[in-house]
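Everything on this sheet refers to the single structure shown next.
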Amino acid sequence: MQSVPVYLVFLAATGLLKAQAGAPRKTAWDGVYTEAQAARGMAAYGPSCGGCHALVPEGKAPLVGDAFWKSFAQKSVADLLEFVSDNMPNGSPHSLSDPAYADIVALMLKSNGFPAGKTELERNNSADVQIVKKDGSSELPSDALARVVGCLARSGGDWVVTKATAPERAENAAAGAQDATRPLGSRTIPLKFVITRLDPLLGSRVAVNGLLIGDGGKDGINVTMVNRVSEKCP
């Protein structure tokens, strides 16, 4: 049998490892719209959206700043595009053309500081483009509706979730069988404004939904729902 040179084996192994690791995640910071598209977006935004929304952090229903991150951090640009087409103009969703909606989203990205690139944003090239902070952090901001999985415990007179997973958007993290076995995290998250009796769930693995208090839920979760996913934890 003919032997294979060692350097070829090394190169093949390196390529396999890279393939297994997958390509780097694309984000909105990679330039996913063009300047010309954002300019067209301003022309479409004025008559269709300007009466109800502001392109500054302050004002009526702002689409920029904290309000933007609260709604779209961890989501994809395709999610943003779907939201815009489903809700704008007010009272007449889906009334603009697909290119016009893409132009408006390009304007929203520009207004939130994301850079322009060389390729226009379209519905078919935005599904895998993630909306994250410039440092790459996908931590959800305060007041975002989120979901965590962990162990229900007591800390003094308060309820907490220990070994909690990082908060995920509630609408993107529906309950499933995987919650009973998924890897947990290292966070301890206080549960605030609990109005249901949790004593029967003590020591269980639970899924908690609610509004984050502080970025990443550092100050807790304003609880809307607690469900047991496994009798024992972890």
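The values are calculated or read from the model by the stated rules, or taken from the named source; none is laboratory data. It should be emphasised that the depicted structure is a prediction, and the values quoted were computed from it without experimental measurement. Neighbour counts run over all protein chains shown; Cβ positions are idealised from the backbone, glycine included.
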Practice task
Tell me which of these residue 226 doesn't satisfy, since it passes every other one: (1) surrounded by fewer than 16 Cβ atoms within 10 Å (Cβ to Cβ); (2) in a strand (DSSP E or B).
Solution key: (1)
Fill in the blank from the handout: In the stretch 54-98, anything polar (S, T, N, Q) and surrounded by 17 or more Cβ atoms within 10 Å (Cβ to Cβ) is listed as 71, 74, 76, 85
Exercise for the section: Considering (1) under 14 Å from residue 209 (Cβ atoms); (2) surrounded by fewer than 16 Cβ atoms within 10 Å (Cβ to Cβ), say which one residue 170 fails and leave the rest. Expected result: (2)
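Within the stretch 178-204, can you find the residues that are farther than 15 Å from residue 140 by Cβ, assigned to a strand (DSSP E or B) and touching a Gly at 6+ places or on another chain (Cβ under 7 Å)? Show your work before the answer.
Quick first cut of the stretch 178-204, residues farther than 15 Å from residue 140 by Cβ only: 178-184, 186, 188, 190-204.
Now narrow it down to the ones that are assigned to a strand (DSSP E or B): 188, 190-192.
Across the stretch 178-204, the qualifying residues are 190, 191, 192.
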Practice task
Look through the stretch 99-155, keep the residues that are more than 17 Å from the chain's Cα centre (by Cα) and assigned to a strand (DSSP E or B), and return whichever of them is surrounded by the most Cβ atoms within 10 Å (Cβ to Cβ).
Solution key: 150
Exercise for the section: State all residues of the stretch 182-205 that are among the polar types (S, T, N, Q) and within 15 Å of residue 227 (Cα to Cα); if no residue qualifies, say none. Expected result: 196, 204
Exercise for the section: State whether the residues of the stretch 164-183 include one that is at pLDDT 95 or above and among the charged types (D, E, K, R). Expected result: no
Completion exercise
Expected output for the stretch 62-91 (first residue among the charged types (D, E, K, R), partner not in a helix (DSSP H, G or I), Cβ below 6 Å, 6+ apart or cross-chain) is 70/141; 70/143; 70/144; 75/131; 86/93
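Which of the residues that make up the stretch 156-177 are within 19 Å of the chain's Cα centre (by Cα) and part of a loop (DSSP other than H, G, I, E, B)? Break it down stepwise before answering.
In the first step, residues of the stretch 156-177 are kept if they are within 19 Å of the chain's Cα centre (by Cα); the result is 164-176.
Correct list: 165, 166, 167, 173, 174, 175, 176.
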